[in-house]
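The values are calculated or read from the model by the stated rules, or taken from the named source; none is laboratory data. Source: prediction; values computed, not measured. As a convention, Cβ positions derive from the backbone with ideal geometry for all residues, glycine included, and neighbour counts pool all protein chains shown. Note: accessible area is taken over every heavy atom of the protein model, side chains too, but ligands, DNA and RNA are not part of it. Shrake-Rupley method; radii C 1.70, N 1.55, O 1.52, S 1.80 Å.
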Amino acid sequence: MAALQESLVARFTDSSEKSEFEAAGDGLFAVVGLLGEERSLRAMLADPAIGEGTKTETIKTLFSGKVSDLTVEILTNIATSRWSSDNDMVDATEEAAVTLILMGAEVDGHIDRVEEELFRFGRAIDANPPLQMALTDPASSSEEKAGIVDVLLEGKAAPETITLVSHVAGSLRGRRIQDAVARLSELAANRRGRIIAEVRSAVELTEQQRLAAVLATLHGRAVELNIEIDPAVIGGIEVRVGDEVIDGTAATKLEQARRKLAG
């Protein structure tokens with residue numbers, strides 16, 4: 001999926017017009033919303049048995065004149081690729097939109113700010129169960145959830161941050177809001193040529209730079225540490241990079257010992 005994102009947006013890398021990124025990103029977000037509601041449409045666009053010509057014509061009929069020509073082109077490229085499921089196709093469409101919005105932040109020179117704001121908002125959600133409920137309440141519309149995000153972030157965050165968080169809050173598709181925002185933060189780090197390591201520790205780390213250097217060596221890319229102080233860890237640390245988890249916490253070791261004793 002990552003390779004497809006990069007290939008889809010590669011043609012824009014020489015552009016200095018932020019409006020191009022915004023228009024294409026916003027258009028793809030609108031398509032994601034529609035695909036989330038129209039099961040038959042997303043199934044048809046992801047069906048490998050349906051020819052590229054049919055898919056291309058369907059996309060032109062539905063979206064030409066309603067979203068930018070670039071949005072139509074990107075969506076056509078996505079729909080005519082092969083997917084294991086229609087949900088994977090929708091996820092790819094969303095991540096292409098996110099990448100375009102982040103590229104707009106790069107043009108403005110504040111991608112670092114957006115990444116930091118996404119991380120902090122994710123932490124705020126983790127620490128606030130009522131906010132989690134408000135942003136995942138199935139009885140609330142996408143517009144209502146976007147309104148909550150606007151109230152929380154208006155005047156305090158970059159426009160791109162607000163756009164991204166508002167979208168995922170209104171289009172969770174079964175995901176936890178924490179996970180959706182964490183993915184946004186990860187994609188922002190990717191635009192900066194970094195990967196994010198989520199670190200849980202019982203106490204403040206005294207050798208953060210050394211840990212980052214070791215992880216960078218392992219993964220071949222610069223690593224940014226997002227550190228959470230969690231007394232439940234007891235001792236040691238847990239490091240999560242994507243789906244990879246390095247668990248050296250005392251709490252885990254104690255639980256493993258308990259299970260062995262229990263037979």
Roughly how many whole Å is it from the C-alpha centroid of the stretch 145-174 to that of the stretch 83-112?
15
Highest-first arrangement of 202-215, 79-92, where packing means the average Cβ count within 10 Å
79-92, 202-215
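Under the 0.36 nm per residue contour assumption, what length would be gained going from the current alpha-carbon distance of Arg39 and Thr56 to full extension? Walk me through the intermediate numbers first.
Values: separation 17, 0.36 × 17 = 6.12 nm, distance 1.80 nm.
Length gained between Arg39 and Thr56: 4.3 nm.
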Let me cross-check Thr54: its accessible surface, 1.4 Å probe, with only protein heavy atoms counted, in Å² to the nearest 10?
80
In whole Hz, what ³J(HN,Hα) sequence does the stretch 36-53 give by Karplus (6.51, -1.76, 1.60; θ = phi - 60°), x for Gly and Pro?
x, 8, 9, 4, 5, 5, 5, 5, 5, 5, 9, 6, x, 7, 8, x, 4, x
For the stretch 172-186, take each phi angle, set θ = phi - 60°, evaluate the Karplus expression 6.51 cos²θ - 1.76 cosθ + 1.60, and give the result in whole Hz per residue in order, putting x for glycine and proline.
6, 6, x, 7, 6, 4, 4, 5, 5, 5, 4, 5, 4, 4, 5
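Near Asp88, within a Cβ-to-Cβ distance under 15 Å, what is the net charge of the other residues, with Lys and Arg +1 and Asp and Glu -1?
In short, +1.
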Relative contact order for the stretch 12-147, counting Cα pairs under 8 Å that sit 6 or more residues apart, in percent
32
From Cα pairs below 8 angstrom and at least 6 apart in sequence, can you work out the relative contact order of the stretch 74-225, rounded to a whole percent?
23
Just tell me which aspartates and glutamates come within less than 13 Å, Cα to Cα, of Lys66; anything on the same chain fewer than 8 places away is out.
Asp26
Sequence-distant residues sharing a close amide H with Ile237 (under 5 Å, placed H)
Gly248, Thr249
